[in-house]
Amino acid sequence: MAPGNPSHFPSPLRLLSYLLLLLTAAATTSLAANIQHGVVRKPVPDFPIFREAPAFRNGNTCNNDRIHISMTLDSNYLRGTMAAVLSILQHSTCPENVEFHFLWARFEPQVFTTIKSTFPYLRFKIYRFESDRVRGKISKSIRQALDQPLNYARIYLSDILPGHVKRVIYLDSDIVVVDDIAKLWEVDLQGKVLAAPEYCQANFMLYFTDLFWKDKELNKTFEGRKPCYFNTGVMVMDVEKWREGKYRAKVEAWMAVQKQKRIYHLGSLPPFLLVLAGDLKSVDHRWNQHGLGGDNLEGRCRSLHPGPISLLHWSGKGKPWLRLDSRRPCSVDHLWAPYDLYRPNTHAFEE
């Protein structure tokens, strides 16, 4: 046959069969590449998208004094962190003076990019917290979230933050501030290493086990003090005093005792209480309206405590963004919603 004869070329049906064979082979190869030890890798879920926050500018009365705030960065709590940052900037007289120091356990480029795109004008730095520093010291508590190494990063602030940071406000990610954060920053520590709201009406004995209270040597630690419960999710810390007083080592020492004897049930809070309860500067309760996330086991709804409010804190199991998304919010969760910058992914299907 002549070279130009059409019979030399495959028929359309044969071509189609050949293409289908190639596509099937490629799909099989791709699937095999994603199977290791019999497990198929799941695709990475879409990373949350946030709206860009407006730029907040200083008033005419502002100076250049920095207000240093430290928070942890965890992709699971990122939505809460974004709301917290927005609330702080929105209610600050001098928002450009606020500088954030974020701690994360691992480098997550998407988290960094999200902060930059959501808050283009934000002053912030990110520091790596080495989880191995604390992993072997953690004892299992009543809730898994409390056992994460990053939950203990606040103990190591004096080792992580740069030397020019002499004072820092530490905040949990499940808070919103509805007052000027400068008022908390300017609290007079009166020589103490830490300032936080105290709650002396709480039953302090419940934070430790019967074994602790029956051990005369252990409970001697509170001699000469009038210990009261305080929440470590809102603290003003004198970083230099913490470093010079070796408070990190004091907290770690109690964590070592917990490894040998079960003296408390919660995570990083009890060793703070053992070292500092009754020996800190008390701050007005308005700066930590805590417990809005309910208890640590069921996260039942709670009402606001009476009195003025400067900071709302969803400590406990329930988080406002999760309850709002489930369409089963508590009434207090609607106070968090105005600061939510999350933009849900909506997929439109065209016919």
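The values are calculated or read from the model by the stated rules, or taken from the named source; none is laboratory data. Everything numeric here is computed off the predicted structure, so don't read it as measured data. Cβ atoms come from the backbone with ideal geometry, glycine included; neighbour counts cover every protein chain shown. Surface accessibility is based on the protein's heavy atoms, side chains included, excluding ligands, DNA and RNA. Shrake-Rupley method; radii C 1.70, N 1.55, O 1.52, S 1.80 Å.
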Inset, instruction - Compare the peptides 155-163, 226-234, 173-181, 336-344 by average per-residue count of other Cβ atoms within 10 angstrom and give them in order, highest first. - result: 173-181, 226-234, 155-163, 336-344
Inset, instruction - For every other residue with a beta carbon closer than 12 angstrom to the beta carbon of ASP238, add +1 if it is Lys or Arg and -1 if Asp or Glu, then tell me the sum. - result: +3
Legend entry - Neighbour net charge for SER326 - beta-carbon separation under 11 angstrom, K R +1, D E -1: +2
Inset, instruction - With N denoting the number of residues in the range 67-339, provide Rg(C-alpha) divided by 2.2 N^0.38 Å, to two decimal places. - result: 0.97
Legend entry - Relative contact order, percent, the range 59-210 [alpha-carbon distance under 8 Å, six or more residues apart]: 33 percent
Legend entry - Listed residues MET235, SER70, GLY294: farthest to the positive end of the dipole of the range 67-339 (Cβ charges): GLY294
Legend entry - Relative contact order [Cα under 8 Å, 6+ residues apart], the range 67-339, whole percent: 21 percent
Inset, instruction - Any chance you could list P(r) for the range 178-254, counting all Cα-Cα pairs in 5 angstrom bins from zero, rounded to whole %? - result: 3, 11, 16, 24, 20, 14, 7, 3, 1
Legend entry - Per-pair calculated FRET efficiency, R0 = 35 Å: ALA105 and LYS226 via Cβ, rounded to 0.05: 0.45
Legend entry - Rounded accessible area of VAL257 (nearest 10 Å², 1.4 Å probe): 40 Å²
Legend entry - Mean separation of Cα contacts under 8 Å, 6 or more apart, over the residue count of the range 133-237: relative contact order %: 35 percent
Inset, instruction - Compute the distance in nm between two label points, each set 7 Å from the Cα along the Cα-to-Cβ direction, one at ARG51 and one at LYS317. - result: 3.2 nm
Inset, instruction - Return the distance in nm (one decimal) between the two label points of a simple spin-label model at HIS305 and LYS261, each offset 7 Å from Cα along Cα→Cβ. - result: 3.0 nm
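Given Cβ point charges of +1 (Lys, Arg) and -1 (Asp, Glu) and nothing else, what value in debye, to the nearest 20, does the dipole of the range 67-339 about its Cα centre take?
Working: 38 positive and 29 negative charges, 139 e Å.
Its charge dipole is roughly 660 debye.
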Inset, instruction - Please report, in cubic angstrom per residue, the volume enclosed by the convex hull of the alpha-carbon atoms of the range 146-196. - result: 113 Å³
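Report the gain in length on full extension from ALA202 to LYS216: 0.36 nm times residue separation, minus Cα-Cα distance, nm rounded to one decimal. If you can, show how the numbers build up before the last one.
Working: separation 14, 0.36 × 14 = 5.04 nm, distance 2.24 nm.
Difference between extended and current length: 2.8 nm.
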